[in-house]
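Undergrad: Here it is, the structure, as structure tokens.
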Amino acid sequence: MPEGDTIHRSAASLRRWLVGREITGARTQVASLALDRVIGQTVDDVEARGKHLLMRLTPSGRVLHSHMRMTGSWHVYPAGQPWRRPARQARLVLECGDHVAVCFNAPVIELLKDGGELLHPSLSKLGPDILDDQLDVHGIRTRAKARDPEVSLGELLLDQRVVSGVGNIWRCEALYAERLNPWTPRAAITDDQWDALVSTAARLMRASARGTMADRPVAQVHRRAGRPCPRCGTRIEARQQGDLARTAYWCPTCQPPA
Ligand SMILES: [Zn+2]
């Protein structure tokens with residue numbers, strides 16, 4: 001699943017090539033998308049919010065909203081260059097002069113009215129973005145405490161209504177860094193521990209979003225089931241967690257049950 005850091009990188013790439021440019025042509029597999037409201041508009045901004053990507057159009061003020069879920073991605077190519085994915089997976093193609101932006105496999109692509117995100121069923125409920133420049137630690141804590149106190153830390157970090165943009169890799173790595181067990185209920189840790197967990201997830205994801213390949217953080221436990229913990233040598237465990245059934249990875253020695 002693309003995490004917030006991947007989507008922020010896509011948004012940065014789209015911004016670099018598309019902002020200020022007019023959409024000169026478009027094709028889509030999404031029957032409900034009114035391309036006549038897209039063609040002729042200029043890309044005003046591109047914003048990542050959790051796993052959602054918002055492309056703001058001017059002068060209409062409409063917002064092209066795509067949600068990546070497990071499979072989606074945006075690529076930008078110079079016009080005429082071959083794509084890295086098959087054309088049949090392209091759900092939306094935007095031509096902007098000498099560049100083309102392609103949205104592959106995103107399950108949700110829709111055009112919202114000016115201000116429509118405030119009424120949107122999932123966008124309007126999103127928690128603060130983990131990659132916001134000013135991390136809203138207080139807002140995230142308030143939202144976490146409003147949920148069932150027995151909900152596990154592993155599930156809370158993936159709950160987009162609490163904090164948006166954290167995916168499976170960085171929730172596992174943040175819990176490992178903070179030596180917290182994924183099944184620990186939220187009520188069993190202090191506010192300071194929760195804030196530290198959120199701040200660590202943000203720090204790791206920021207490094208992953210901005211870093212070059214050489215200095216991006218490396219996963220210590222994610223997808224390392226059965227291999228030795230880098231800190232203590234105990235075998236890393238893995239088990240599916242919560243309604244989303246995402247696999248949690250943890251070191252049973254460094255991250256003992258609460
Ligand atoms: Zn360990």
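Undergrad: Can you pull out the residues in the range 131-140 that are part of a helix (DSSP H, G or I) and either of a type in the set (A, V, I, L, M) or touching a residue at least 12 places away in the same chain (Cβ under 8 Å) (or both)?
TA: Val137, Gly139, Ile140 - these are the residues of the range 131-140 that are part of a helix (DSSP H, G or I) and either of a type in the set (A, V, I, L, M) or touching a residue at least 12 places away in the same chain (Cβ under 8 Å) (or both).
Undergrad: Please go through the range 37-48 and pick out each residue that is farther than 14 Å from Arg15 by Cβ and either buried (at least 16 other Cβ atoms within 10 Å of the Cβ) or hydrophobic (A, V, I, L, M, F, W, C) (or both).
TA: Residues satisfying the conditions are Val38, Ile39, Gln41.
Undergrad: For the structure I just gave you, tell me whether Ser152 is outside the structural domain of Arg203 (by TED's automatic domain parsing) and hydroxyl-bearing (Ser, Thr, Tyr).
TA: Answer is no for this residue.
Undergrad: Using the structure shown, decide if Ser152 is of a type in the set (Ser, Thr, Tyr) and under 19 Å from Pro128 (Cβ atoms).
TA: no
Undergrad: Still on this structure, I have one more. Checking Arg206 against (1) outside any loop (DSSP other than H, G, I, E, B); (2) within 16 Å of the ligand (Cβ to nearest atom): exactly one of these is not met. Which one?
TA: (2)
Undergrad: Here is a follow-up. Could you pull out the residue among Arg143, Arg147 that is crowded, with 16+ Cβ neighbours inside 10 Å and either touching a residue at least 60 places away in the same chain (Cβ under 8 Å) or not aromatic (Phe, Trp, Tyr) (or both)?
TA: Among Arg143, Arg147, only Arg143 is crowded, with 16+ Cβ neighbours inside 10 Å and either touching a residue at least 60 places away in the same chain (Cβ under 8 Å) or not aromatic (Phe, Trp, Tyr) (or both).
Undergrad: Being surrounded by fewer than 16 Cβ atoms within 10 Å (Cβ to Cβ), within 17 Å of the chain's Cα centre (by Cα) and of a type in the set (Gly, Ala, Ser) narrows it down to one residue among Ala207, Ala174; which is it?
TA: Ala207
Undergrad: Right, something else. When the range 152-163 is examined, which residues are found to be over 26 Å from Ala11 (Cβ atoms) and either at pLDDT below 95 or under 12 Å from the mean Cα position of the chain (by Cα) (or both)?
TA: Of everything in the range 152-163, nothing turns out to be over 26 Å from Ala11 (Cβ atoms) and either at pLDDT below 95 or under 12 Å from the mean Cα position of the chain (by Cα) (or both).
Undergrad: Also, quick follow-up: Among the residues of the range 215-254, write down those that are away from the ligand (no atom under 13 Å from the Cβ), within 21 Å of Asp159 (Cβ to Cβ) and in a loop (DSSP other than H, G, I, E, B).
TA: Matches in the range 215-254: His222, Gly242, Asp243, Leu244, Ala245.
Undergrad: Any residue that is in the same structural domain as Asp36 (by TED's automatic domain parsing) and modelled with pLDDT of 95 or more - is there at least one of those in the range 114-125?
TA: No, the range 114-125 contains no residue that is in the same structural domain as Asp36 (by TED's automatic domain parsing) and modelled with pLDDT of 95 or more.
Undergrad: Still on this model: So which of Thr247, Thr200 is within 22 Å of the chain's Cα centre (by Cα), surrounded by 18 or more Cβ atoms within 10 Å (Cβ to Cβ) and not hydrophobic (A, V, I, L, M, F, W, C)?
TA: When all the criteria are applied, what remains is Thr200.
Undergrad: Additional query: What tally of residues in the range 141-152 results from selecting those that are of a type in the set (Val, Ile, Thr) and assigned to a loop (DSSP other than H, G, I, E, B)?
TA: 1
Undergrad: Name the pairs: first residue in the range 226-249 and over 18 Å from Val166 (Cα atoms) and assigned by TED's automatic domain parsing to the domain that holds Glu150, second residue within 12 Å of the ligand (Cβ to nearest atom) and of a type in the set (A, V, I, L, M), Cβ to Cβ under 7 Å, at least 6 apart or on different chains?
TA: Sorted first by the residue in the range 226-249, then by its partner, the pairs are Gly226/Ile236; Arg227/Ile236; Cys229/Ile236; Ile236/Val221.
Undergrad: Here are the criteria: (1) away from the ligand (no atom under 13 Å from the Cβ); (2) under 24 Å from Thr71 (Cβ atoms); (3) in contact (Cβ under 8 Å) with a residue 40 or more places away in the chain. Tell me which single one Arg161 does not satisfy.
TA: (3)
Undergrad: Check Val198, Val166 and return the single one that is within 27 Å of Ser10 (Cα to Cα) and not in a helix (DSSP H, G or I).
TA: Val166 is the lone residue from the list that is within 27 Å of Ser10 (Cα to Cα) and not in a helix (DSSP H, G or I).
Undergrad: For the range 79-110, which positions are touching a residue at least 40 places away in the same chain (Cβ under 8 Å) and surrounded by fewer than 20 Cβ atoms within 10 Å (Cβ to Cβ)?
TA: Ala90, Val93, Glu95, Gly97, His99, Pro107, Val108, Ile109, Glu110
The values are calculated or read from the model by the stated rules, or taken from the named source; none is laboratory data. As the structure is a prediction and not an experimental result, all values here were calculated from the model. Here the Cβ is made from the backbone with ideal geometry for all residues, glycine too, and neighbour counts use every protein chain on show.
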